[in-house]
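Below: the structure, in C-alpha cells.
The values are calculated or read from the model by the stated rules, or taken from the named source; none is laboratory data. All of these numbers come straight from a predicted model, not from anything done at the bench. Positions of Cβ are generated from backbone atoms using ideal geometry, with glycine treated the same way; all protein chains shown enter the neighbour counts.
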Amino acid sequence: MPGRHFLQIPGPSNVPARVLRAMERPVINHRGIEFAELAKGLFPKLRQIFKTQHGTPIIFPSSGTGAWESSLVNTLSPGDRVLAFSIGEFSAGYARTARNNGFDVELVELEWGSTIPPELVEEKLKADTAHAYKAVLTIHNETSTGVTPDIGAVREAMDRARHPALLMVDTISGLASADFRFDEWKVDVAVACSQKGLMLPPGLSFLCVSEKALAAREKATTPRHYFDWAPMIARNAQGFFPYTPATNMLYALEESTDMLLEEGLEHVFARHGRMAEAVRRAVRAWGLKIVAHPGAESPVLTAVHLPEGVDGDQLLVVSETDFDLSLGNGLGPLARKAFRIGHLGDMNDLEVLATLAGCEMVLTRMGVKLDIGSGVATAQRFFLDNPLPKPSK
Ligand code: PLP
C-alpha cells in the first residue's frame, strides 16, 4: 500500500530514518579499536537516559524478557523470597519469570487499571520484620493497561518501612518516554529494552544496576552464564563484550540516544504527556472508557474499553487491512474487550491526529456509535491551546 504504515502499537515503536540510516553500515570487527570507541561512548549516554551517576548500565543482545531474568539470577539465590505487585500482564510476567527461575514469589494481584499503592508496599514490608523479602518487583509503565505507577512513592514507602529489599523496576515501556530517575528513586535494578521509547528495533535489552545490587550479586548463588553481569561489566570497561554483540544495533543506539539528548529528556517527557492527554480527551469525546484509573494514566499508551459486542481482535484486523493502521490488542482479561493506542517514541501532533482519525473510522466500521471527527477535533483544540515549548537544545 502506498504511504506509510501507521505502527501505533505500544512498542515496537516507529524507528526514525536517522536511526535506520545509522544501522546501514558494514559490520565491523567487534574486537577492534573502532568498536571499542563506539561501545565506550554508549555508556555515558545511557547513564543520562537512566538519570544516574552511580548506576552501571548493561546492554544485552536479548528482548526485555532476558533482562527480567538477568535482574533476578544475578541478585538472588534459589528459594529467596520476593514480593511482586501485579497490575497487568507484564508486571505479572516479571513475577512469573521469578517463579520459573526458582524464587519464592509472593504475588500481590491488584485490579487491572489500578496503580501500585505505596501504602500497601509499606504495609507489606513493615509486616516482614524478619526481612525475608530480598527484592520488590515493580513496574514503571504497565503496557497492558496504560498505567504508570509512582516509583518515587514506592521507594519512599520502602524507606518508611526501613526494609533492605532491592527495588527492581521494569521500565521496559517507560524509559525514554516517561520520566525515570534511577538515582533519585534509589532503584537497585532497572530493566529496559530497545523497541519502545529508545526508538530502536527489537533486539537489545538494558539494565541499570546499583552498587547495592552489585554487592548482592557477589553473594547470590543462582547459576547464570549468558546473563551474568560480572563478565559483561569487566569487558564493557575495555569497550568490548564477552560474546558477539549486536554491532549494528549499537550504531542505532548511539544515534537514538543522541536524538533523545538533543531534544532534551524533559522535552521528550513533556511531548509524551501532551500526546497522551490529547488521546485521552479524544477517547472521552467518543464516549469510550479508558482502562487506566484516573491519576495513574500512562504517557506512553492508552488502553480503551470497547463497548459490549464489539470484538477487539476483529477491530485490529479491520484496522490493519482497511486503514494500514496497527493498534495494540487487549491482553489477559481485556482480550477482545479493549484495544491499545501507542503514542510513544518518534511521534508528533499530526501523527497523533492521523492515528485518532484512523481509530474513528475503524470504530465506526465496527459499529461503534460516535461522532466522526469528535476525537480529532478535541485533540486539535487541545494541541492548539497547549503548545509544546521548543526543545531547549
Ligand atoms: N515488560 C513490559 C512492560 C513490556 O511492555 C514488555 C513487552 O512489551 C515486556 C516486559 C517483555 O519484553 P519483550 O517482549 O521484549 O521480551
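Kindly indicate whether MET199 is in contact with a Ser or Thr (Cβ under 6 Å, 6 or more places away or on another chain), assigned by TED's automatic domain parsing to the domain that holds PRO57 and more than 13 Å from the ligand (Cβ to nearest atom).
Against the criterion (in contact with a Ser or Thr (Cβ under 6 Å, 6 or more places away or on another chain), assigned by TED's automatic domain parsing to the domain that holds PRO57 and more than 13 Å from the ligand (Cβ to nearest atom)), MET199 qualifies.
Where in region 289-393 are there strands (runs of 3 or more DSSP E), lying fully within it, with 1 or more residues that are of a type in the set (S, T, N, Q) and under 24 Å from the mean Cα position of the chain (by Cα)?
Ranges flagged: 301-305, 325-329.
Given the options THR321, THR302, name the one that is touching a strand residue (DSSP E or B) at 6+ places or on another chain (Cβ under 6 Å), within 27 Å of GLY3 (Cβ to Cβ) and among the β-branched types (Val, Ile, Thr).
Criteria check complete, one pass: THR302.
Report whether or not SER205 is more than 16 Å from the ligand (Cβ to nearest atom), at pLDDT 95 or above and farther than 15 Å from GLU142 by Cα.
Considered against the rule, which asks whether it is more than 16 Å from the ligand (Cβ to nearest atom), at pLDDT 95 or above and farther than 15 Å from GLU142 by Cα, SER205 comes out as no.
Please determine whether any residue of region 231-250 is closer than 26 Å to LEU83 by Cα and part of a loop (DSSP other than H, G, I, E, B).
Taking region 231-250 as the starting set, the residues that turn out to be closer than 26 Å to LEU83 by Cα are none.
Checked region 231-250: no residue is closer than 26 Å to LEU83 by Cα and part of a loop (DSSP other than H, G, I, E, B).
Out of the residues in region 37-90 that are touching a strand residue (DSSP E or B) at 6+ places or on another chain (Cβ under 7 Å) and among the hydroxyl-bearing types (Ser, Thr, Tyr), state the one that is surrounded by the most Cβ atoms within 10 Å (Cβ to Cβ).
Here the answer is SER71.
Scan region 66-77 and give yes if some residue there is under 18 Å from ASP188 (Cβ atoms), part of a strand (DSSP E or B) and either within 19 Å of the chain's Cα centre (by Cα) or away from the ligand (no atom under 16 Å from the Cβ) (or both), otherwise no.
Within region 66-77 (the criterion being under 18 Å from ASP188 (Cβ atoms), part of a strand (DSSP E or B) and either within 19 Å of the chain's Cα centre (by Cα) or away from the ligand (no atom under 16 Å from the Cβ) (or both)), the answer is no, since none of the residues qualifies.
Do the conditions hold for HIS272, that is, is it assigned to a helix (DSSP H, G or I) and buried (at least 20 other Cβ atoms within 10 Å of the Cβ)?
Answer is yes for this residue.
With the requirement that a residue be outside any loop (DSSP other than H, G, I, E, B) and among the aliphatic types (A, V, I, L, M), what does region 25-48 give you?
The initial filter retains those residues of region 25-48 that are outside any loop (DSSP other than H, G, I, E, B), namely 33-48.
Correct list: ILE33, ALA36, LEU38, ALA39, LEU42, LEU46.
Before we move on, is ARG340 surrounded by 15 or more Cβ atoms within 10 Å (Cβ to Cβ), farther than 21 Å from ILE116 by Cβ and not hydrophobic (A, V, I, L, M, F, W, C)?
no
Starting from residues that are acidic (Asp, Glu) and closer than 25 Å to LYS134 by Cβ, keep the ones in region 172-187 and report whichever is surrounded by the most Cβ atoms within 10 Å (Cβ to Cβ).
Filtering region 172-187 for residues that are acidic (Asp, Glu) and closer than 25 Å to LYS134 by Cβ, the one surrounded by the most Cβ atoms within 10 Å (Cβ to Cβ) comes out as ASP183.
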